[in-house]
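Have a look at the structure below, then the notes.
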Amino acid sequence: MDYIHEVRKLTGPRKLILNCATVLIQRDDKILFQRRTDNGKWGLIGGLVEMNETYEQAALREAREETGLEIELEHFLGVFHNHDMVWSNGDAAHVISAFFSARILSGEPRIDEESYELRFFGKDELPPLFAEDHRAGLKAWYEGVRYPLLRENRCDGGN
C-alpha cells in the first residue's frame, strides 16, 4: 500500500475517495469471511487498489495476500459504496468497491497479519459485517446478481 501511505502523508486523515476490490470466495455453498485485526469485526476479502492495478488484479492479489488462496474470478457483482469508512487510526474514506465472486483453484485458507480468523459461513449463519459495501454486495449475491467479468483495460500511452 505504498501509494496510499504516500497520499496519506499529504492529506492526513481527511476523507478521501478510495477504490477497492472485494471478492466473495465460495466453497460448498458457503462464503469465506475474515475477522479483521484492525477492528475485530467480520468482513469479506478485499482491499485497496494499488497504482497501475486493475480491479480484477487487486481482487486476485488481495485474496492471495489475505488468505493464501489462488482463486479464479467468476462473476462481477457490481460497484458498491461505503460512504463513511473510518480506520482505527482515524483515516476516513468514501470507499468505492468493485465486487467479484470467485472459486478456489488451490490452497487452504490461512490468516495473515490482517486477520484474526478466516471462516466459511452459510447463508443462515452469516456474521454481522462491519462495512455497508460488504452488506450491499452480499445482498446482491444472494439476490442472484451475476454479470460477466469486466474487460478491464490498461492505458498503454495511446497505442
How many Å² of accessible area per residue for region 3-88, probe 1.4 Å?
-> 49 Å²
Using a 1.4 Å probe over the heavy atoms of the protein chains, calculate the carbon and sulfur portion of the accessible area of region 31-159 as a whole percent.
-> 49 percent
To the nearest 0.05, the calculated FRET efficiency linking residue 117 and residue 57 through their beta-carbon distance, R0 being 22 Å, is 0.25
Taking the chain and dividing mean pair separation by its residue count, relative contact order in percent (alpha carbons under 8 Å, at least six apart) = 30 percent
Over the chain: helical MRE at 222 nm, DSSP H runs n ≥ 4 each giving -39500 (n - 2.57), nearest 500 = -6500 deg cm²/dmol
What order do 29, 2 take when sorted by accessible area (1.4 Å probe), most exposed first?
-> 29, 2
What ranking, highest mean first, results for peptides 34-40, 46-52 when packing means the other Cβ atoms within 10 Å averaged over each residue?
-> 46-52, 34-40
Between residue 70 and residue 11, Cβ-based FRET efficiency (R0 30 Å, step 0.05) works out to 0.30
Amide H neighbours of residue 37 under 5 Å, counting only residues 5+ apart in sequence or on other chains, H built in-plane at 1.01 Å?
-> 115, 116
Here the convex hull volume per residue of the chain, taken over Cα atoms and given in Å³, is 121 Å³
So, relative contact order of region 69-135 in percent, Cα under 8 Å, 6 or more apart, is 37 percent
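The values are calculated or read from the model by the stated rules, or taken from the named source; none is laboratory data. Just so it is clear, the model here is predicted, and its values are computed rather than measured. FYI the Cβ positions are ideal-geometry reconstructions off the backbone, even for glycines, and counts take in every protein chain you see. Just so you know, the surface numbers come from the protein's heavy atoms only, side chains and all, with ligands and any DNA or RNA stripped out. Shrake-Rupley method; radii C 1.70, N 1.55, O 1.52, S 1.80 Å.
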